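Structure, as structure tokens:
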Amino acid sequence: MANSSAATSDRAQKPPKPVILLGLGAVGRSLLRQIEEQRPLLEREYDLRIAWLALSDSSGAVAPPESGFTGEQLGEILQLKEDGGALSSHSLGRANTSPAALVEDAGRPGAVVVDCTASDETLDALFLALERGYQVVLANKKPLTAAQEVYDRLNRVGGAASATRSLAALRYETTVGAGLPVIATLDRLVSSGDKIERIAGSFSGTLGFLMTGLEQGRSYSETVQEAYRLGYTEPDPRDDLGGVDVARKALILARGIGWRIEMAQVQVSGLYPERLAGLGVDDFLSALPSLDEEYRQQVARAASEGKVLRYAATLADGACSVGLTAVAKDSPLGRLTGTDNLVEFYSRWYSPNPLVIQGRGAGVEATAAGVLSDIVELHFSSF
Ligand SMILES: NC(=O)c1ccc[n+]([C@@H]2O[C@H](COP(=O)([O-])OP(=O)(O)OC[C@H]3O[C@@H](n4cnc5c(N)ncnc54)[C@H](OP(=O)(O)O)[C@@H]3O)[C@@H](O)[C@H]2O)c1
């Protein structure tokens, strides 16, 4: 019997995989680095040779010369972006290239368009890519959380009641839980005909940190201020406390189950009152002690019922909500501490004990590695 390396060398080599990368921020740069570092492994194990077609940022794009980027050119490009520069200023750069124009110009058969932006301006590029038969990988949640009709177009959903989506054309594993295999797990449950009855999850490391602090008897204001000092929050902590990012993840999961639902239908309860919405960041942080007593009482009420508070996304009975929830102390969510993400899937086959995924749900390197895994999996998919 032929050994596996002999079998590999007998196989016809797959053509190089052309990639257009939109966004060279933290995740895009890490992806580029990881792909360059992993070239020997990707080629040896997966017969995958990535050929860069173009790299873009908000200023424009760089395209390689005929022979491809040299290592030195890629190093320069990474350094330029690391230093806060614009790709349009590079010697291979051009300015004012929209993502769609880039796909139009640089795309070629077999291409993958990878969206590592946080922009809602990439949609036309993604539609064009899919129309041309290219594949798409998203780290960007925004295209998936736009109107249902946009989601359907991206997923090529046929009939209105259909939950099917083309796993061969579109991957977005990192949009919920970064490197954790949350979407892959959901897809496997859905595609095997399991019936998902409930999903509950904690999808914000920052809010997980806050919940652990409250459970340990610390005040709301002290814990939020510490998270801010440690750099766990966004520059404006209200961007975390408002729950919108968690709501986007919940919406992606709901649509992944096959629910037809808009962002406006996700009930989001934030962790600060409207009256603090208009303050500057420093004034907001100073006003937080006024909320301490309310949160102390909520923690005590939950504890009196054997429960703890979690900032959770809950999907059940066709409804999707995001907010402070009291959960049983001995449930997977109840046992969660610190900044990890955790998701419980309750289904026909996973009941009463849920299928649980837990781990770090953020991080540039883990996210970029998740994007790379999506590219590798697409390499093996055919339409
Ligand atoms: N960081 C994580 O842990 C994590 C986890 C999961 C998912 N994600 C998602 O991954 C995505 C990237 O995150 P990040 O931390 O890398 O963000 P980032 O550092 O802000 O980078 C965003 C990049 O997108 C570029 N960009 C913006 N508009 C563009 C456009 N119209 N065309 C082309 N490029 C455009 C920006 O260009 P400039 O450089 O010119 O500004 C920048 O290079 C986000 O959607 C984020 O939500 C991140």
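Descriptive notes on the structure:
- Residues that are of a type in the set (S, T, N, Q) and on the phi < 0 side of the Ramachandran plot number at least 1 in the following helices (runs of 4 or more DSSP H) confined to segment 278-359: 281-287, 292-304.
- Residue among Gly107, Gly193, Gly201 that is within 16 Å of the ligand (Cβ to nearest atom) and surrounded by fewer than 23 Cβ atoms within 10 Å (Cβ to Cβ): Gly107
- Inside segment 90-104, residues that are within 11 Å of the ligand (Cβ to nearest atom), open to solvent by 40 Å² or more (accessible area, probe 1.4 Å) and hydroxyl-bearing (Ser, Thr, Tyr) make up a count of 1.
- Scanning segment 333-356 for residues that are more than 16 Å from the ligand (Cβ to nearest atom) and among the polar types (S, T, N, Q), we see that the one that is nearest to Cys116 (Cα to Cα) is Thr337.
- Identity of the residue in segment 357-383, of a type in the set (Asp, Glu) and open to solvent by 30 Å² or more (accessible area, probe 1.4 Å), that ends up nearest to the ligand (Cβ to nearest atom): Glu365
- Matching option when the condition is in contact with an Asp or Glu (Cβ under 8 Å, 6 or more places away or on another chain) and of a type in the set (Gly, Ala, Ser), among Gly71, Gly110, Gly84, Gly60: Gly71
- Close pairs (9 angstrom Cβ cut-off, 6 or more residues apart or separate chains): closer than 19 Å to Thr206 by Cα in segment 340-355, open to solvent by 70 Å² or more (accessible area, probe 1.4 Å) and of a type in the set (S, T, N, Q) anywhere: Asp340/Gln358; Asn341/Gln358; Leu342/Gln358; Val343/Gln358
- Single residue of segment 259-310 satisfying the filter (under 14 Å from Ser221 (Cβ atoms) and in contact with a Ser or Thr (Cβ under 6 Å, 6 or more places away or on another chain)) that is most open to solvent (accessible area, probe 1.4 Å): Pro289
- In the set Ser30, Ser58, only one residue is at pLDDT 95 or above, of a type in the set (Ser, Thr, Tyr) and part of a helix (DSSP H, G or I); that residue is Ser30.
- Filter result (open to solvent by 10 Å² or more (accessible area, probe 1.4 Å) and touching a Leu at 6+ places or on another chain (Cβ under 8 Å)) within segment 17-41: Lys17, Arg29, Arg33, Gln34, Glu36, Gln38
- Hits in segment 110-143 (condition: part of a loop (DSSP other than H, G, I, E, B), within 11 Å of the ligand (Cβ to nearest atom) and open to solvent by 40 Å² or more (accessible area, probe 1.4 Å)): Ala118, Asp120, Glu121, Lys141
- Sole exception among (1) within 14 Å of the ligand (Cβ to nearest atom); (2) touching a helix residue (DSSP H, G or I) at 6+ places or on another chain (Cβ under 9 Å); (3) open to solvent by 20 Å² or more (accessible area, probe 1.4 Å); (4) not in a helix (DSSP H, G or I) for Leu80, by number: (4)
- A single entry from Arg310, Arg335, Arg301, Arg260 fulfils the requirement of being over 28 Å from the mean Cα position of the chain (by Cα) and either of a type in the set (D, E, K, R) or not assigned by TED's automatic domain parsing to the domain that holds Thr233 (or both): Arg301.
- In segment 188-221, of all residues being part of a loop (DSSP other than H, G, I, E, B) and within 21 Å of the chain's Cα centre (by Cα), the one that is nearest to Leu251 (Cα to Cα) corresponds to Phe203.
- Residue list for segment 211-230, filter: among the hydroxyl-bearing types (Ser, Thr, Tyr) and open to solvent by less than 40 Å² (accessible area, probe 1.4 Å): Thr212, Ser219, Tyr220, Ser221, Thr223
- The condition of being β-branched (Val, Ile, Thr), outside any loop (DSSP other than H, G, I, E, B), open to solvent by less than 40 Å² (accessible area, probe 1.4 Å) and closer than 22 Å to Gly359 by Cβ holds for only one of Thr185, Thr233, that being Thr185.
The values are calculated or read from the model by the stated rules, or taken from the named source; none is laboratory data. Values in this document were obtained by computation on a predicted structure and should not be read as measured data. Using ideal geometry, Cβ is built from the backbone for each residue, glycine included, and neighbour counts are taken over all protein chains shown. Just so you know, the surface numbers come from the protein's heavy atoms only, side chains and all, with ligands and any DNA or RNA stripped out. Shrake-Rupley method; radii C 1.70, N 1.55, O 1.52, S 1.80 Å.
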